[in-house]
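This report concerns only the one structure given below.
The values are calculated or read from the model by the stated rules, or taken from the named source; none is laboratory data. Not measured: the values here are computed from a predicted model. Cβ placement follows ideal geometry from the backbone for every residue including glycine, while neighbour counts extend to all protein chains displayed. These accessible areas exclude ligands, DNA and RNA; they are computed on the full protein's heavy atoms, side chains included. Shrake-Rupley method; radii C 1.70, N 1.55, O 1.52, S 1.80 Å.
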Amino acid sequence: DTEVTQTPKHLVMGMTNKKSLKCEQHMGHRAMYWYKQKAKKPPELMFVYSYEKLSINESVPSRFSPECPNSSLLNLHLHALQPEDSALYLCASSQDMGLQIPYEQYFGPGTRLTVT
Amino acid sequence: AQKVTQAQTEISVVEKEDVTLDCVYETRDTTYYLFWYKQPPSGELVFLIRRNSFDEQNEISGRYSWNFQKSTSSFNFTITASQVVDSAVYFCALSDRNSGNTPLVFGKGTRLSVIA
């Protein structure tokens, strides 16, 4: 089963709202990722969790706050976002971070976020 | 520095035509991995293939084939007898030990439209 699920599929939020995006995988993967993708652009890496610890933070603004409650779940907490944060947010997982042998990442369907 | 170039921004073909998507990469590492992902309009990135730098054999999977040529730093992707369901954005990506904090370096993607 190579499935990564994400909820919600769509989210509209105001700049003062607090919301969370959720991601789940049951493949036993130990690395999980958050990406941001703007229209007609490739995905941009935001965060990487490896064995439930934050391993990479690509200088993401603090209004995005990741959380990895356990090895299967990954959350992205959103607060005081700006309209330019509107994008497709993709979650992915891989066997592990694979610093020597990179493993393929499996992606979820994404959450399409609109900030008004 | 690592870089992936997909020079074709958009390609349009008629159903049943063959189409080749180009990918040229740059890396200083002798050990690296190349990937192709498909992103249909639904948004989810679908893993297609992973190839390491020591394996130059071409790969065929159904209507899909990949031509890896280290001499020209290219990893091209051919779809034979294209179908409407092949319409998507295709991303080529690179991972090497010099990727540092970015496990995957994506190209900008090629949007393929297959017309019935």
Exercise. Can you list the cysteines of chain A that have no other Cys Cβ under 4.7 Å away?
Worked result: A:C68
For this session: Straight distance only, please: which lysines reach the Cα of A:K53 with their own Cα at less than 18 Å, same-chain residues fewer than 8 apart left out?
Result: A:K22
For this session: Could you go through the stretch B:38-52 in sequence order and give the Karplus-derived ³J(HN,Hα) for each residue, using 6.51 cos²θ - 1.76 cosθ + 1.60 with θ = phi - 60°, rounded to whole Hz, and x for Gly and Pro?
Result: 10, 10, x, x, 5, x, 6, 7, 10, 5, 10, 7, 10, 9, 8
Exercise. Once phi is turned into θ = phi - 60°, what whole-Hz ³J(HN,Hα) does the Karplus curve with 6.51, -1.76 and 1.60 give for every residue of the stretch A:57-66, x standing for Gly and Pro?
Worked result: 10, 7, 6, 7, x, 5, 5, 9, 10, x
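Which chymotrypsin sites (Phe, Trp or Tyr not before Pro) does the stretch A:7-107 hold that lie in a coil by DSSP with at most 16 other beta carbons within 10 Å? Provide the component values of the computation, followed by the final result.
On the way: sites: A:Y33, A:W34, A:Y35, A:F47, A:Y49, A:Y51, A:F64, A:Y89, A:Y103, A:Y106, A:F107; in loops: A:Y51, A:Y103.
Those that pass, being in a loop and sparsely packed, are A:Y51.
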Exercise. If you average 1/r over every pair of different alpha-carbon atoms in the protein assembly as shown and take one over that average, what Kirkwood value in Å do you get?
Worked result: 18.3
For this session: At a Cα cut-off below 20 Å, give the lysines reachable from B:K3, other chains included and same-chain residues fewer than 8 away excluded.
Result: A:K36, A:K38, A:K40, A:K41, B:K38, B:K70, B:K108
Problem set entry | Interface burial for A against B (accessible surface, 1.4 Å probe, total of both chains, Å², rounded to 100) | 1800
For this session: Consider just the alpha-carbon atoms of the stretch A:59-116 and return their Rg together with their Dmax, both in angstrom.
Result: 13.5, 42
For this session: State the percent of C-alpha pairs, over all pairs in chain B, separated by a distance greater than 23 angstrom.
Result: 25
Seminar exercise, completed: Semi-axes a, b, c in Å (a largest) for the stretch B:49-95, each sqrt of 5 times a Cα gyration tensor eigenvalue, come to 21, 12, 9
Seminar exercise, completed: Expressed as a percent, the accessible surface of the protein assembly as shown that is carbon or sulfur, using a 1.4 Å probe and the full set of protein chains, is 48
Problem set entry | Label-point gap, in nm, between A:K9 and A:E84 - each point 7 angstrom along Cα→Cβ | 3.1
Exercise. Given H placed 1.01 Å from N in the peptide plane, which residues other than close sequence neighbours of A:K41 have an amide H under 5 Å from its amide H?
Worked result: none
For this session: Could you calculate the contour length gain from B:N58 to B:T5, that is, 0.36 nm times the residue separation minus the distance between their Cα atoms, to one decimal place in nm?
Result: 17.1 nm
